[in-house]
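Below is one structure, written out as structure tokens, with a few remarks after it.
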Amino acid sequence: MSLDLIDLTVTPPGATQPLFAPLTLSVAPGQVVTVTGPSGVGKSTLLDAIGGHLAPGFVASGRVVLNGRDVTRLPAESRRIGILFQEALLFPHLSVGDNLAFGLAARIRGRAARRAAVQAALDQAGLSDFYDRDPATLSGGQRARAALMRTALAESLALLLDEPFSKLDTALRADLRRFFFGHVQAHAIPTLMVTHDTEDARAAAGPVVAL
Amino acid sequence: MTHLLRLTVFALAAGALVLPILAGLWETGRAAFGVLPAIGADRLTLDPWRQLAALPGFATSLRLTLVTGVGSTLVALILAAGAVAMLAGRGGGPARLIAPLLAAPHAALAIGVAFLIAPSGWIVRLVSPWATGWDRPPDLALLNDPWGGALMLGLLIKEVPFLMLVMASALGQLPLRATLATGRALGYGRATAWLRLILPRLYPLIRLPVYIVLAFALSVVDMAIILGPSTPPTLAVALTRWFGAADTALILPASAGAVLQAGLVVGGIALWRGAELMLARLGRAWLRRGARGRGAAALLAACGAAVAGLVTLGLLALAALAVWSLAWRWPFPAALPEAWSLRGWLRPADWGEALGTTLALGLASTALSLTLAITWLEAEDRAGRMPWSGALIYLPLLVPQIAFLYGLNVVMLRAGLSGGMGAVIWAQVLFVFPYVMLALADPWRALDRRLLATAAALGAGPVRRLLGVKLPVLARPILTAAAVGFAVSVAQYLPTLFMGAGRVTTLTTEAVTLSSGSDRRVVGLYGALQAMLPFLAYALALGLPAILHRNRRGLTGGLG
């Protein structure tokens, strides 16, 4: 049970050279591996390749294996790999609760059951009264929590974090790191984090890979 | 899979947009060289060209077309650039005044301008007899003047706001504030910094719309019928008359003229491009001199004043439509009607059918165009941009309508499709679709891709991403694009005239036909109705998302 990258690299459209040397890496359940590197080296592109979000024209080579299943050829929606960006993008046209409901796995059926599942997740994130709120009225920290819960409800088997805390102020960061990494450990989710912040890497307490 | 998608969309675009134009050009081109079996002409010959050159007023028509077309585009570009330079970064208040002029169809605006500037028009009435001493309309060629002045004025009132809109939206892509600050810190005044630093970067972004305006001004028909000179008229109007003449022998020289019209537009754009390159060289030399001249500010102020004058005229023209539609007795030189009446408005038996046809055509062509545009953009998202696709989309706006519409009608006649609503809808889509794309493509492509990646990571497949995320988030620009498309459809004249074979009557065809008649109350009514439809469409487009998304701050501006 782990997220494995095997000789993974990406070539941008029109380029002859891949962005970075082929990467081989194994992320254990509950472990957070940090990927660092200078701007423009292709850290976000690496996450795109793992999650299946590469723009047309980008060519990935190598393999992405999740819990023993090769997901390299699968579309993003079938990989079950969650992704969180620094702005914690909530869908602006949906309320906070409906954002979570958008993520909630379809196997949970019935209005009441689905509503209850979303409410439980909101409670867990300290956002109990936020079901009907406009996401634009949330603070950065609240948005990040809601986005993490949305991924959890989608029953993601692995998690990608793209500079998840960089837009938040320092006091809030420590708080959120605890919330994020605690969640990842509790649910044994292999996690890959891209960051510029050495504090993030230290708090993650996992291996650090320089790209 | 993605290749199949690409091919399908490409085939769709080629079949729906490019093929009809090529087929139309082909038939027109054959007729220009003497081959039109429908009227028994089947011998390749240069006679149509000789006949064309011998037609009365041909040389004058040609000169008028070039002067009004190139002249109005050049002046419109200069004035719009000056006004945008004056207004940019200073709040959008005055800019809102141009919205009604953007929405109003060409024909309606032209009729309003005619009501304004005619010898018996509103302006003369407002200053008579106390200032002029006239108690009868003066014998002056203020309207349909042989130089094309009234036509150029009409074109300016319509095209300056369009170019301003295009420039304002392109400015959003440039670091305006920082660039101007840098220039001013180096000792250049705001206006001259604008000319040296912003304009050279702005122009490449608006080149396509400028060419569209040039092609339009060189081949406009409805506005030229209403405001332009009549004996002889501009080439496009002369061609429309010859194509519609009872004497079918005129069709061959008219076809030759249509090919010439296409050549004029191609040549005009080529010349314009040449002038651009030359100006760029001169401009660089001027930049290198480094003079911190102060003249630019006065230049921009003059442009701003001229635009203010044009916008005032345009708004007065729209008001004139409304006033005339409500007038009952309005003898010269009274400034306002002596008796008002709702009689015209209360007799839908007169205009109801034309209104219904206009609405049906507008809704159908907008729905089709919007579907095609969303399919196109969605295919791009999944399979990547297609090279040359832009050229395909905007081709119908660059080829003069008259150059291929008659030929296209010949094709439709042969297929037994001419004269029906279907043929008219299809012909309108040719022109509605490019404008819908112009309005929708940028906001669509600007949508944060990570929002879609997030949805995919949550397990949402392509269909759910489209219906559940893209369409609702883009509701505002989609509705705006629909309103733009509807306004374009309402304004169409030649496609309705030619493909409807005279059997499909819309508010626009009626307004243009009636405009030469004398009852201004009826003409005013048609003009007002025609101008109102796009207004309503825009009001809906702005109002609906405000209601749908009333509790969503993230969607009330930024993304749209």
Per residue in segment A:116-139, which ones lose no less than 10 Å² of accessible surface when going from chain alone to all protein chains (1.4 Å probe)? A:134, A:136, A:137
Global geometry of chain B, whether rounded, prolate or oblate, following the gyration tensor of its Cα atoms and the 1.5 cut on a/c: rounded
Counting only C-alpha contacts under 8 Å and six or more residues apart, can you give the relative contact order of segment B:45-339 as a whole percent? 35 percent
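Beta carbons within 10 angstrom, averaged per residue: use that to sort the peptides B:400-409, B:314-323, highest first. Working shown, then result.
Numbers: B:400-409: 26.8, B:314-323: 22.0.
Ranked by mean Cβ neighbours within 10 Å, highest first: B:400-409, B:314-323.
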Kindly report the accessible area of segment B:45-339 per residue (heavy atoms of protein chains, probe 1.4 Å, no ligands, DNA or RNA), in Å². 43 Å²
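With a 1.4 Å probe and every protein chain left in place, work out the accessible area per residue of segment A:16-133 in Å², rounded to a whole number.
On the way: 5330 Å² over 118 residues.
Normalised by residue count, the accessible surface of segment A:16-133 is 45 Å².
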Which of the lysines could a cross-linker bridge to residue A:43, judged by Cα under 24 Å and excluding same-chain residues fewer than eight apart? A:167
The set of residues whose placed amide H lies less than 5 Å from the amide H of residue A:193, leaving out same-chain residues fewer than 5 positions away, is A:33, A:34, A:35, A:161
Per segment A:23-91, sqrt(5λ) over the Cα gyration tensor eigenvalues, sorted largest first, in Å, gives 18, 16, 15
Can you pull the Kirkwood radius for segment B:72-172, inverse mean 1/r over Cα pairs, to one decimal in Å? 15.3 Å
Part-to-part distance (alpha-carbon centres) for segment A:190-211 and segment B:363-428, which is given in Å: 53 Å
Around residue A:200, under 15 Å between beta carbons, what's the net of Lys plus Arg minus Asp minus Glu among the other residues? 0
Cα shape, segment B:389-521, gyration tensor, a/c 1.5 rule: prolate
Which order do you get for B:58, B:431 if you rank them by accessible area with a 1.4 Å probe, largest at the top? B:58, B:431
Would you compute the Debye intensity of the protein assembly as shown from its alpha-carbon atoms alone, equal scatterers and no solvent, and pass along log10 I(q)/I(0) at q = 0.05, 0.10 Å⁻¹ to two decimals? -0.34, -1.10
Taking K and R as +1 and D and E as -1, what net charge do the other residues with C-beta under 12 Å from the C-beta of residue B:269 add up to? +1
Helix-only CD estimate at 222 nm, as mean residue ellipticity for the protein assembly as shown, using -39500 (n - 2.57) per DSSP H run (n ≥ 4): -19500 deg cm²/dmol
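DSSP beta bridges in the protein assembly as shown, what fraction antiparallel, as a percent rounded to 5?
Of all bridge pairs located within the protein assembly as shown, approximately 55 percent are antiparallel.
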Compute the relative contact order of segment B:162-321 as a whole-number percentage, counting only Cα pairs closer than 8 Å that sit 6 or more residues apart in sequence. 26 percent
Kirkwood-based Rg over Rh for segment B:45-339 (C-alpha set), two decimals? 1.03
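Keeping the other protein chains in place, figure out the carbon and sulfur percent of the accessible area of chain B, with a 1.4 Å probe.
For chain B, the apolar C and S fraction of the accessible surface comes to 68 percent.
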Test of understanding: given chain B, find the longest segment containing no trypsin sites (Lys or Arg not before Pro) that are in a DSSP loop and have at most 15 other Cβ atoms within 10 Å. B:91-291
Answer with one residue from B:379, B:24, A:100: the one whose Cα lies farthest towards the positive end of the charge dipole of the protein assembly as shown, charges on Cβ with Lys, Arg +1 and Asp, Glu -1. A:100
Interface B-A: total buried accessible area (1.4 Å probe, Å², nearest 100) of 2200 Å²
How high is the relative contact order of chain B? Use alpha-carbon pairs under 8 Å, at least six apart in sequence, and give a whole percent. 24 percent
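For peptide A:78-90, what's the mean number of Cβ atoms from other chains within 10 Å of each residue's Cβ?
That works out to 3 on average.
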Shielding by partners for A:92-103, please: the mean number of other protein chain Cβ atoms within 10 Å of each residue's Cβ. 4
First select every other residue whose beta carbon is under 10 angstrom from the beta carbon of residue A:52; then total the charges, Lys and Arg +1, Asp and Glu -1. 0
Centroid-to-centroid separation of segment B:491-560 and segment B:246-262 [C-alpha atoms, Å]: 31 Å
Kirkwood radius from Cα pairs of segment B:278-416 plugged into Stokes-Einstein at 25 °C, 0.890 mPa s, gives D in µm²/s equal to 109 µm²/s
Taking the Cα centre of segment B:45-339 as origin, sum charge times position over the Cβ atoms of Lys and Arg (+1) and Asp and Glu (-1), and report the length of that vector in debye to the nearest 20. 1700 debye
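The values are calculated or read from the model by the stated rules, or taken from the named source; none is laboratory data. If you're wondering where the values come from, they're calculated on a predicted model, not measured in any experiment. Using ideal geometry, Cβ is built from the backbone for each residue, glycine included, and neighbour counts are taken over all protein chains shown. To get the accessible areas, we keep the full protein, side chains included, count just its heavy atoms, and leave off ligands, DNA and RNA. Shrake-Rupley method; radii C 1.70, N 1.55, O 1.52, S 1.80 Å.
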